[in-house]
2 protein chains.
Amino acid sequence: MRPGMSTAAQLKREVTCAKCRLRETCLSGDVPAEDLERVENIVYARRRIRRGEALFSAGDPFRCLYAIRTGFFKTSLVDREGREQVTGFFMSGELLGMDGLGDGRCPASAIALEDSDVCAMPYSLIEYIGREVPSLQRRLHSVLAREIVRDHGVMLLLGSMCAEERLATFLLNLSKRFRRRGYSEAEFHLRMTREEIGSYLGLKLETVSRLFSQFQKDGYIKIAQKLVRIVNIAGLELLLAARN
Amino acid sequence: MRPGMSTAAQLKREVTCAKCRLRETCLSGDVPAEDLERVENIVYARRRIRRGEALFSAGDPFRCLYAIRTGFFKTSLVDREGREQVTGFFMSGELLGMDGLGDGRCPASAIALEDSDVCAMPYSLIEYIGREVPSLQRRLHSVLAREIVRDHGVMLLLGSMCAEERLATFLLNLSKRFRRRGYSEAEFHLRMTREEIGSYLGLKLETVSRLFSQFQKDGYIKIAQKLVRIVNIAGLELLLAARN
DNA sequence: CGGCGAGGTTGATCTGTGTCAAATCTCGCG
DNA sequence: CGCGAGATTTGACACAGATCAACCTCGCCG
């Protein structure tokens, strides 16, 4: 490797989609091996974001999509009247920044909830290379559409579930995502505060706190601070199916 | 025109994006004139959907995106436990079916709330032609992303507004969309029932009904059945800004 | 042209969450 | 290693919106 190489280029070197453990959830997921080298060029740089810092903020010009290599983020929206809404929590292998594609500005902010590493992928490159690699193009569409489906799921949660069901859904969703990444599905750290959970679920932090206590009393979970252990996954699922 | 031409082809003949009044909100929006002929080929057929019928249903295989030429639709989701959630209302010039792009199945249903006409655009063609016409490709991305942004707006509504604010937001949103289409922003027909409004806004139909009455009493609107006339738009906006 | 059924309104009451408040815990930092 | 700010828990109480119920309205079909 040449000395004097730019930082971005150095960082880029460290990254190869081919070897990335998270490839299948990422943009290069379905890209066949022979196109992979081309596709790797869309990873322009890696960025390290410290806990509490913004990867991007509402109003920023849109340039990149970001793939989370390690870490945890929340995205949130603030309307003109100052109402804040957490719109999602994102973990390794997931993509951030897709909503900026609409009109060249990021409508939301993404804040790291722990020290995190991301791959920055300029949209201009994705677009350009996508034209030559249909599987990449398709994957991008698919990822955008899945985000829409996810959002509709949250609308269902907010629009037709009671507090208990919302929190159960939230825990089960996190559990499933951790499992898919090879972490324990039963025990994990909540990276976010009760208030952030509340904002996401359309509840107040006190309600979230009470529900955690109640779930513990009912034997569904053990909770100590931010560490959750789901003792009875089936029970939580049943709670959703109950529909009193 | 040849006799014996297939129905689909006949229908197709009637459609030219170049002359379509709704082009700018549709997929061909930014496509330059010289590429338009190519892009028009993605409109495979027109379909007429009667009030109450489904354009597509949850579980259907995904093939097409649909542009609404005339009419009005709701989309809705039903979860395993039978909870139903209306996820959106769509009017002429808007696109339906994008959420199916994720995994080849339509996760939601789209029901016509009045007799409607749509352009069916097979995804395979959009994909293929998009590769040659970057402005189309880009437009598709943009439209998908805008849907994400819209959904986040609904999440904000459901997660942090009170009933009064939700309904005011809903009315103002409809008003704005009618205006952009050249219809009256002040007076329009609600195509959906109180129950469907309620589902969309996370409220019960009784609450929706009461709020309409209250808004009328407070001089914001006149309402007779499904006909709304917004008497005081600024007042409704102020109601949102108030944040008691 | 009359009756039926779906949709809508309104009232009374109930209840799940919000609100407010106070005590406790935790963790980063000097 | 202790301090202070922010986070969490818990309790008491209030209230927005749900629920239940009765009645109304209107379009439509026989």
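Could you grab me the full set of residues in the range B:153-169 that are of a type outside the set (A, V, I, L, M, F, W, C) and either away from chain A (no Cβ under 14 Å) or free of Cβ contacts under 8 Å to residues at least 60 places away in the same chain (or both)?
Once the filter is applied, which keeps residues that are of a type outside the set (A, V, I, L, M, F, W, C) and either away from chain A (no Cβ under 14 Å) or free of Cβ contacts under 8 Å to residues at least 60 places away in the same chain (or both), the range B:153-169 yields B:GLY153, B:GLY159, B:SER160, B:ARG166.
When residues of the range B:199-237 are filtered for being away from DNA strand C (no atom under 12 Å from the Cβ) and aliphatic (A, V, I, L, M), how many remain? Write out each step before concluding.
Step one: filter the range B:199-237 for residues away from DNA strand C (no atom under 12 Å from the Cβ), giving B:200-201, B:218-220, B:229-237.
Those still in the list that are aliphatic (A, V, I, L, M) too: B:201, B:230-231, B:233-234, B:236.
Going through the range B:199-237 one residue at a time, the tally reaches 6.
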Within the bounds of the range B:71-93, is there any residue that is in contact with a Pro (Cβ under 8 Å, 6 or more places away or on another chain) and closer than 29 Å to B:GLU195 by Cβ? yes
Leading residue by the ranking (farthest from the other protein chains (Cβ to nearest Cβ)) among those in the range A:170-191 that are within 14 Å of DNA strand C (Cβ to nearest atom) and either among the aliphatic types (A, V, I, L, M) or within 23 Å of B:CYS162 (Cβ to Cβ) (or both): A:LEU190
Looking at (1) over 23 Å from A:LEU201 (Cα atoms); (2) surrounded by fewer than 19 Cβ atoms within 10 Å (Cβ to Cβ); (3) not β-branched (Val, Ile, Thr), find the lone condition where A:GLU84 falls short. (1)
Condition first: more than 10 Å from chain B (Cβ to nearest Cβ), within 16 Å of DNA strand C (Cβ to nearest atom) and more than 19 Å from the chain's Cα centre (by Cα). Can you find one or more residues in the range A:130-144 that meet it? no
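Is it the case that the range A:191-214 has a residue that's charged (D, E, K, R) and away from DNA strand D (no atom under 13 Å from the Cβ)?
First, the residues of the range A:191-214 that are charged (D, E, K, R): A:191, A:194-196, A:204, A:206, A:210.
Now drop any that are not away from DNA strand D (no atom under 13 Å from the Cβ), which leaves none.
The answer is no; no qualifying residue exists.
If you take the residues in the range B:165-191 that are farther than 27 Å from A:GLY88 by Cβ and assigned to a helix (DSSP H, G or I), which one is nearest to the chain's Cα centre (by Cα)?
B:PHE178
Give me a count of the residues in the range A:39-66 that are small (Gly, Ala, Ser) and either buried (at least 22 other Cβ atoms within 10 Å of the Cβ) or more than 14 Å from chain B (Cβ to nearest Cβ) (or both). Don't jump to the end; show me each part of the working.
Start the filter on the range A:39-66 by keeping residues that are small (Gly, Ala, Ser), which leaves A:45, A:52, A:54, A:57-59.
Narrowing further to those that are either buried (at least 22 other Cβ atoms within 10 Å of the Cβ) or more than 14 Å from chain B (Cβ to nearest Cβ) (or both): A:45, A:52, A:54, A:57.
Number satisfying all stated conditions: 4.
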Restricting to the range B:192-244, give me the number of residues that are within 12 Å of chain A (Cβ to nearest Cβ), in contact (Cβ under 8 Å) with a residue 24 or more places away in the chain and part of a loop (DSSP other than H, G, I, E, B). 2
All-but-one check, B:ASP115 against (1) touching a strand residue (DSSP E or B) at 6+ places or on another chain (Cβ under 9 Å); (2) more than 30 Å from A:GLN137 (Cβ to Cβ); (3) in a helix (DSSP H, G or I), failing number (3)
Need pairs with beta-carbon distance below 8 Å; first residue closer than 17 Å to B:ILE111 by Cβ and facing chain A (nearest Cβ under 9 Å) and within the range B:67-81, second surrounded by fewer than 14 Cβ atoms within 10 Å (Cβ to Cβ) and among the acidic types (Asp, Glu); sequence gap 6+ or separate chains. none
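Can A:MET121 be described as surrounded by 20 or more Cβ atoms within 10 Å (Cβ to Cβ) and within 16 Å of DNA strand D (Cβ to nearest atom)? Show your work before the answer.
On the way: surrounded by 20 or more Cβ atoms within 10 Å (Cβ to Cβ): yes; within 16 Å of DNA strand D (Cβ to nearest atom): no.
No, not satisfied.
Results for (1) closer than 18 Å to A:PRO107 by Cα; (2) crowded, with 19+ Cβ neighbours inside 10 Å; (3) among the hydroxyl-bearing types (Ser, Thr, Tyr), shown as yes or no for each residue.
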position	(1), (2), (3)
B:ALA110	no, yes, no
B:ASP115	no, no, no
B:LEU125	no, no, no
B:ILE129	no, yes, no
B:SER135	no, no, yes
B:ALA145	yes, yes, no
B:LEU157	yes, yes, no
B:MET161	no, yes, no
B:HIS189	no, no, no
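The numbers here are math on the coordinates, done by the rules we state, and not lab data. Just so we're clear, the structure is a prediction, and the values are computed from it rather than from any experiment. Reconstructed Cβ throughout: ideal geometry from the backbone, glycine too, with neighbour counts over all protein chains shown.
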